[in-house]
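No lab work stands behind these numbers, since they all come straight from the coordinates. Note that the coordinates shown come from a computational prediction; the quantities given were computed from them, not determined experimentally. Here the Cβ is made from the backbone with ideal geometry for all residues, glycine too, and neighbour counts use every protein chain on show.
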Amino acid sequence: MRVLLFAYYFPPMGGIGSLRALGFARHLPAAGVEVSVIAPRTGSYGLDPSLAEPSGIRVARTGSLEPSMLLGRGGRAGAPSGGPSAPKGSSSGLKACVRRLVHRVLYIPDANIGWVPPAVAAGRREAREFPPDIVFSSSPPFSCHIAASITAQRLGVPHVADFRDFFSSQRLFGGLREKIDLRIENRVLRHVTDYTAATQGVREVVRSRARGTGMTLLNGYDEEDFAGDALPFREPFTLVHIGTTYAGRRDPRPFFEAVRALAGEGCEFRVRFVGAPDPDLEALAAAAGVAGRCDFAGFTTHEEAVAEMRRAGALLLMLWAEDGHIARGTVAGKTLEYLRSGRPILYLGPTDGETPDLLRELGGSLFARSEDVAKMTSALRALMDGEAPAPADPDRLAPYCRRAQAGRLAGRFREVVA
């Protein structure tokens, strides 16, 4: 069986979307599925030198007609593209307003729509030498599904779409613009033969709008990333957060209050944030008087992020959404890697939903609502005192490794073709 995979995010670009697509491309051949990937040469996210294309996989690189890339903002090594918004009233603030207007008027349905023509052309060329049985695509960006849908219809083969996030969290505008986005989404969904989703919540939303029952494939982990001897822990005790912090979408002030309370007790510890710079988070830490307890390490490679997990005293997992179906149906992409690292996890967020349910099922975690300062303080104190829960059992984690998930996906592809 042959699969043509459309993946906007693919190495050397970093991020969870790139890791997910790479996992499929790397492990599907072992399950009897040949893969050819359509991906841009450069994209709108930072490069990760630790990620390499899987050997033996065809990868057709394309250009992309994206204004942000034409202006030199995309594909910079070692950092995600873009940056914090400038203050209103400054010249940079004016640029931000113009940028938002461009996004509203031209970037329909998203900023990557300029990749669709080159991707479709590359898919047509690749199909001459590599006639696929299935076209597979992963979003966001939704433009990736548009390119795959056009290609699948022209080739007369099924289109299986992978959804990593909720539609509603990808839309930035309401009114007429939202109606246009919905029309585009519905047109693509009408032609989707089957679909996969990164969480059960996302799957339920897609199921209400597309044919079929779909299947859930959580963002997993690669066993190879955790091979080798254990790494020495950081001293003093260090609570590590990996990934984007979204301080503008959540309120980390209660957490910083817990940090301040423990610092006042004379506890020796550090809080380390590893990910894209977040000026809002740093400002809130300073306002709480705990900036001296925090390290802001910045963007790093996936290889280094895994090493950070393994060296942590404990890992911090915060959900950016607090209420509603998005919060209940969200599982952060790093969750399974956190669990596989064997380090205890401090989870802050809603107590009901897919993430807390998964953590309770697999073990290794302490829980507190993100506004419960007393509970956070107590949980952090317990972790520092060595009162950590038993880590997740690797055997129970095994079904979530990317190799196993690719095997399930290959089985689904065969059902679709049959």
What is the set of long-range amide H partners of ILE345 at a cut-off below 5 Å, with H atoms built 1.01 Å from backbone N?
LEU315, SER365, LEU366
With +1 on the Cβ of every Lys and Arg and -1 on the Cβ of every Asp and Glu, and nothing else charged, how large is the dipole of the stretch 223-397 about its Cα centre, in debye rounded to the nearest 20?
360 debye
Grab the beta carbon distance between LYS95 and ASP280, set R0 = 22 Å, and tell me the FRET efficiency rounded to 0.05.
0.70
Defining a contact as two alpha carbons under 8 Å apart and six or more residues distant in sequence, what relative contact order in percent does the stretch 305-415 show?
24 percent
Testing the spin-label approximation: label points 7 Å from Cα along Cα→Cβ at GLU204 and ARG2. State their distance in nm.
4.0 nm
The stretch 207-297 shape via C-alpha gyration tensor axes, a/c threshold 1.5
oblate
The stretch 260-316: D in µm²/s via Stokes-Einstein (Kirkwood Rh, Cα pairs, 37 °C, 0.692 mPa s)?
264 µm²/s
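In terms of the Cα gyration tensor, with a ≥ b ≥ c the square roots of its eigenvalues, is the stretch 223-397 rounded because a/c is under 1.5, prolate because a/b exceeds b/c, or oblate?
Judged from the Cα gyration tensor, the stretch 223-397 comes out rounded (a/c under 1.5).
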Regarding the chain, what whole-number volume in Å³ per residue does the convex hull of its Cα atoms give?
139 Å³
Check every DSSP H run in the chain and write down those whose alpha carbon atoms cover 15 angstrom or more along the long axis and whose mean Kyte-Doolittle hydropathy is 0.0 or greater.
16-27, 91-105, 143-155, 253-264, 373-384
So if I place +1 on the C-beta of Lys and Arg and -1 on the C-beta of Asp and Glu, and nothing else carries charge, what would the dipole magnitude of the stretch 300-389 be about its Cα centre? I want it in debye, nearest 20.
220 debye
Go ahead and collect, in residue order, the members of the stretch 315-359 whose backbone nitrogen is under 11 Å from a label point 7 Å along the Cα-Cβ direction of SER168.
323-329
Along the positive direction of the dipole of the chain (beta-carbon charges: Lys, Arg +1; Asp, Glu -1; about the Cα centre), which of PHE142, GLY353, VAL157 reaches farthest?
VAL157
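Which of rounded, prolate, oblate describes the stretch 194-254, given a ≥ b ≥ c as roots of the alpha-carbon gyration tensor eigenvalues and a/c under 1.5 marking rounded, otherwise prolate only if a/b is larger than b/c?
Because a/c hits 1.5 or more and a/b fails to exceed b/c, the stretch 194-254 counts as oblate.
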Relative contact order for the stretch 223-397 using alpha-carbon pairs under 8 Å, separation at least 6, rounded to a whole percent?
24 percent
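Kindly put PHE10, PHE226 in sequence by how many other C-beta atoms sit within 10 Å of each C-beta, fewest to most.
Sorted ascending by nearby Cβ count, the order is PHE226, PHE10.
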Working only with C-alpha atoms, what are the Rg and Dmax values of the stretch 277-375, expressed in angstrom?
14.2, 37
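Would you mind calculating the gained length between ARG124 and ARG360 on full extension (0.36 nm times residue separation, minus the Cα-Cα distance), in nm to one decimal?
Length difference between fully extended and current span is 80.3 nm.
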Estimated inter-spin distance, ALA297 and ALA398, nm [label 7 Å along Cα→Cβ]:
3.0 nm
